[in-house]
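Everything below concerns the one structure shown next.
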Amino acid sequence: MTDLPWKRIVVKVGSALIAPQKQGCSSHYLLGIAQFITYCRAQGIQVVLVSSGSVAAGWHHFGEVDKPSVTVKKSMAAAGQADMMATWNKLFDFPTAQLLLTHGDLRNRDRYISIKDTIFSLLEHGLLPIINENDAVTADKLKVGDNDNLSAMVAAAADADTLIICSDVNGLYTQNPHENPDAKLIKQVTEITAEIYAMAGGASSAVGTGGMRTKIQAAKKAISHGIETFIINGFDADSFNQLLKGQNPGTLFTSNEKPMQEHLHWMTHTSQAQGEVIVENDFNIDLDTHSEQLTSDDVVAINGDFSVGDTILVRKGDGTKLAKAKSNYSSCLLSFITDQDDREFASEFQQKTGPIISEKNIAILESK
């Protein structure tokens, strides 16, 4: 073993590791992961565990069903979550804590800060936070949808320095290794490009909801926050032995040299736009430094129903995404101003009311 450089890590474990055959939880693959977590904590490294698997863990309680309804899946999640926590607790000799989240919790800034505070408090008091999406109650519009992306959001909220995503393959390959024996493992990725995304196929496991593509998406979220990310084979106990030796057992995504500021990262990768402000295709204001110059004269359409303080997407009519920002106007008021034929009235109204968006609350998505 070697001295590890990590201070705080997030480990993401998927459904196929928790309940491989949908016949309840199994500790077969989890024991090696639990030993890895225990060793890290013994070295003074704080650990947060993001664990999928509640639906798969609860599946066997509901008979032989191939395609359960949404309601039954929620019931499976409710039953399986208890089994999953019990299984993890048997593998640890220190206290754990359960946090069940939805995207609605993460995209609301006040609730997001509350989640951060809770995670920090648990870690400070020596507990292992075990986090999962709240599948038993969440509606589709409030879902993250996969725990790969959830783990990246949690890693950002926890101010982690490393994210470890467990997969059913050794890492990112040039092709799907289950289908192509000539596929080559990519040991390190310094930039996530369209070519990298093209290498990611669909989910190869019949149990989980994510595939390699969601893991790439998660890695992109994490590295932009300065969090190095590993994709490793969670089914192979030697993966964790290599990590403890300071080796790379899978694919390492190196973190960006200039991480995004915390609130801009949250707005870009976690907050969900509640509406859109559409501007002309020839819009040429530099929103990065002159965002407050965006006026109703530049706006051609308002999409969605949003309130003051909600996150909105600013884009051109041709679909080019310019920025996500906190709106200083409701969609109703902004539509009213934009629809005014008297442009002098609209201009005076906005001068009195203030800018549509402010420089301190904007995240640029594309540079011109």
Within the stretch 272-301, work out how many residues are closer than 26 Å to GLU348 by Cβ and either in contact with a Gly (Cβ under 7 Å, 6 or more places away or on another chain) or of a type outside the set (A, V, I, L, M, F, W, C) (or both).
17
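Each row is one residue, and each column tells you yes or no for (1) open to solvent by 60 Å² or more (accessible area, probe 1.4 Å); (2) more than 22 Å from LEU150 (Cβ to Cβ); (3) acidic (Asp, Glu); (4) in contact with a helix residue (DSSP H, G or I) (Cβ under 9 Å, 6 or more places away or on another chain).
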| position | (1), (2), (3), (4) |
| --- | --- |
| LEU31 | yes, yes, no, yes |
| LEU49 | no, no, no, yes |
| ALA56 | no, no, no, yes |
| TRP59 | no, no, no, yes |
| VAL70 | yes, no, no, yes |
| LYS73 | yes, no, no, yes |
| ALA79 | no, no, no, yes |
Within the bounds of the stretch 127-143, is there any residue that is at pLDDT 95 or above, open to solvent by 20 Å² or more (accessible area, probe 1.4 Å) and within 16 Å of VAL48 (Cα to Cα)?
yes
Quick one: is GLU262 touching a strand residue (DSSP E or B) at 6+ places or on another chain (Cβ under 7 Å), of a type in the set (Asp, Glu) and open to solvent by 10 Å² or more (accessible area, probe 1.4 Å)?
no
When you look at ASN281, is it more than 24 Å from the chain's Cα centre (by Cα), surrounded by fewer than 17 Cβ atoms within 10 Å (Cβ to Cβ), under 18 Å from ASN328 (Cβ atoms) and not basic (Lys, Arg), yes or no?
no
Tell me which helices (runs of 4 or more DSSP H) are completely within the stretch 1-64 and hold 1 or more residues being of a type in the set (A, V, I, L, M, F, W, C), modelled with pLDDT of 90 or more and under 22 Å from THR229 (Cβ atoms), or say none if there are none.
15-18, 30-42
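The values are calculated or read from the model by the stated rules, or taken from the named source; none is laboratory data. Everything quoted here is computed from the prediction, not taken from an experiment. Backbone-built Cβ (ideal geometry, glycine too); neighbour counts: all protein chains shown. Quick note on the areas: whole protein, heavy atoms, side chains included, nothing else; ligands and nucleic acids left out. Shrake-Rupley method; radii C 1.70, N 1.55, O 1.52, S 1.80 Å.
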